[in-house]
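Shown next, in structure tokens, is the structure this report addresses.
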Amino acid sequence: MTYGIISDIHSDFDALKKVMLSIKSKNVDRIFCCGDIVGYGNQPQEVIELLRANQVQCVIGNHEEALFDDLAFAAMNINAQTTLSNNFTLISENNMEYLEELPSSIIDKNIRIVHGVPPDSFTDYIHYLTCGGLIDVFDSYTEQIAFCGHTHLKAIIKYNGCNISYNKKISFDTAYKLCDDSRYIINVGSVSLPRGDNRDKAQFVVYDDITQKYGFTPFSIYG
């Protein structure tokens, strides 16, 4: 089975439309979203409707949580609070219920989907963890591969049972392969507002569980 994994759409309908067309051209079987569907942009209703129409399975992000939790809202910066308050007025009651019911993680076969840090955090940032902290994270769940977002940065974290390797220099359109004796956390980057290198290039990941190969696919968010 082939999976498309996206994250951090942030109410950016134009960017989401582009990535959905690109994903469909790769004939993926299922699509997952690692959260932060809303916030920052101004088309949350359209984004949610497109995700639901394409049966994209989503987990909750901190921006979704902040719609319903005062403490999560208070933890955000003023720009995030302002745009999220505007988003709140644009989302239908039905879609608000949909967001409120999103799970904190999804498990499919040997894959885990989460927003921030496995097994189910939507607030912690994976790139803040030490090697020891990352080992503790890997020890807290059993799936071989976990996909996350939240940072808007792409990365591959590999754990062979002894050592952690952290690769931030990711090549686009390159086929990476899982090692049978290792486990992985893949930070898929973001659909909207990418950070780090290639800020004009958003990205998503395609993973084939038969070949155990995965790759980061870029697309222009301005072109």
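Some observations on this one:
- Residue match in the range 11-27 (condition: within 17 Å of S104 (Cα to Cα) and not in a helix (DSSP H, G or I)): no
- Complete set of residues in the range 191-205 that are in contact with a strand residue (DSSP E or B) (Cβ under 6 Å, 6 or more places away or on another chain) and part of a loop (DSSP other than H, G, I, E, B): V191, P194
- Checking R112 against (1) in a strand (DSSP E or B); (2) among the charged types (D, E, K, R); (3) loosely packed, with under 15 Cβ neighbours inside 10 Å, the condition it does not meet: (3)
- Qualifying residues in the range 60-70 (those that are in a loop (DSSP other than H, G, I, E, B) and under 16 Å from N95 (Cβ atoms)) - the one most open to solvent (accessible area, probe 1.4 Å): F68
- Hits in the range 168-189 - residues which are in contact with a helix residue (DSSP H, G or I) (Cβ under 9 Å, 6 or more places away or on another chain) and in a loop (DSSP other than H, G, I, E, B): K168
- Number of the condition not met by N94 [criteria: (1) open to solvent by less than 30 Å² (accessible area, probe 1.4 Å); (2) part of a helix (DSSP H, G or I); (3) free of Cβ contacts under 8 Å to residues at least 24 places away in the same chain]: (1)
- Of all residues in the range 1-54, exactly one satisfies the criterion of being aromatic (F, W, Y), buried (at least 21 other Cβ atoms within 10 Å of the Cβ) and touching a Gly at 6+ places or on another chain (Cβ under 9 Å), namely F32.
Here is a yes/no grid of residues against (1) surrounded by fewer than 13 Cβ atoms within 10 Å (Cβ to Cβ); (2) in contact with a Pro (Cβ under 6 Å, 6 or more places away or on another chain); (3) free of Cβ contacts under 8 Å to residues at least 40 places away in the same chain:
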{"residue": "S121", "(1), (2), (3)": "no, no, yes"}
{"residue": "Y128", "(1), (2), (3)": "yes, no, yes"}
{"residue": "I145", "(1), (2), (3)": "no, no, no"}
{"residue": "I164", "(1), (2), (3)": "no, no, yes"}
{"residue": "S182", "(1), (2), (3)": "no, no, yes"}
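The values are calculated or read from the model by the stated rules, or taken from the named source; none is laboratory data. Just so it is clear, the structure is predicted and the values come from calculations on it, not from any experiment. Please note: Cβ atoms are built from the backbone with ideal geometry, for glycine as well, and neighbour counts cover all protein chains shown. Only protein heavy atoms, including side chains, enter the accessible area calculation; ligands, DNA and RNA are left aside. Shrake-Rupley method; radii C 1.70, N 1.55, O 1.52, S 1.80 Å.
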